[in-house]
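Computed from the coordinates by the stated procedures, all read-outs in this text should not be read as laboratory data. The shown structure was predicted, so the numbers you read here are calculated from the model rather than taken from an experiment. In this analysis, Cβ positions are derived from the backbone assuming ideal geometry, glycine residues included, and neighbour counts consider all displayed protein chains.
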Amino acid sequence: MEQTLLILKPDATMRRGVGAAVFEQILNALPDAKMKGFLEIAVPFHLAEKHYAVHEGKFFYPWLLQFIQVGNVLATVLEGEDIVARLREVLGATFVEKASPDSLRGKYGIVGGVNVAHASDEPANAEKEIALWQKEAQLDLSQDGFEAINAYIAKWLETPIVATEQIRQICQDYAREYLNRDIYQSEITELLIEECPDWMEAELSTLANAILGNMDLDRDSDR
Ligand code: CDP
Ligand code: MG
């Protein structure tokens, strides 16, 4: 049976309500999928590098390594028929602006490539990624992920999700001039505080920095 690797990136892991909503909607959209293993982890550099090795040398690669290490991520494996393509469909297009508004990236993504989650793009890559995360992150597929994910949803679903639109607006304002970056960064940090109840301000400031960092890629390339 086909398997795929799902990683909730730091934007969706630190924003606890977003993570809970994303898992809930994935369970609803893919009710036949088996969830195998569930792990919250701070991605070590060597795992970030290997996980994203296919993008090495691309203009966004350094940003991507930085972003995935900003805070914790949540990892699980989904198993089911045609699950690779079906999970990517639920997630939506890579860029938040291009993702359908009812996809998870369209609903909860902040901007550009700050896009909620990673999902394997084809079965052969899924196999490689799953093997990597089993080896380097001790993701344990013999563990039933379903219960753990439901416990996560129950714990965090009530956490407010209030900042998505406001942060998107701040990013647009920032991209108009690319000035006063530190002011925009503190504004985003302030908004994240309510959504990220168990993270310190300094950690949220690092996430805000990575969000603006993705905007900087727009300025520095013609993506
Ligand atoms: O995640 P997905 O497979 O949809 O996209 P990808 O092409 O494999 O790129 C990996 C990740 O890099 C994306 O999810 C974005 O977070 C980021 N990215 C970006 O920020 N800017 C780009 N031009 C391309 C990718
Ligand atoms: Mg990809």
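Projected onto their three principal axes, the Cα atoms of region 88-168 cover extents of 40, 31, 20 Å, largest first. The I161 and E122 beta-carbon pair, evaluated with R₀ = 41 Å, returns a calculated FRET efficiency of approximately 0.85. With the simple model of a label 7 Å out from the Cα in the direction of the Cβ, E56 to N150 spans 4.2 nm. One quarter of the surface of the convex hull around the alpha-carbon atoms of the chain equals 11.3 nm², the direction-averaged projected area. Each peptide in 206-212, 57-63 receives the mean, over its residues, of other Cβ atoms within 10 Å, and ordering these scores from highest gives 206-212, 57-63.
Pairs of lysines in region 3-156 whose Cα atoms sit within less than 20 Å of one another amount to 16, provided the residues are eight or more positions apart or on different chains. Between R176 and D218, the contour length at 0.36 nm per residue exceeds the alpha carbon distance by 14.0 nm. Sites listed here are GluC sites (Glu not before Pro) in region 76-137 whose DSSP assignment is loop and whose Cβ has at most 16 other Cβ atoms within 10 Å: E81, E97.
Counting every other Cβ atom within 10 Å of each residue's Cβ, S120, S221, S186 order from fewest to most as S221, S186, S120. Dipole magnitude for the chain: about 220 debye, using +1 per Lys or Arg Cβ and -1 per Asp or Glu Cβ, origin at the Cα centre.
Both the radius of gyration and Dmax for region 47-109 are 13.5, 35 Å, in that order, over alpha-carbon atoms. The calculated 222 nm mean residue ellipticity attributable to helices in the chain amounts to -17000 deg cm²/dmol, summing -39500 (n - 2.57) over DSSP H runs of n ≥ 4 and dividing by all residues.
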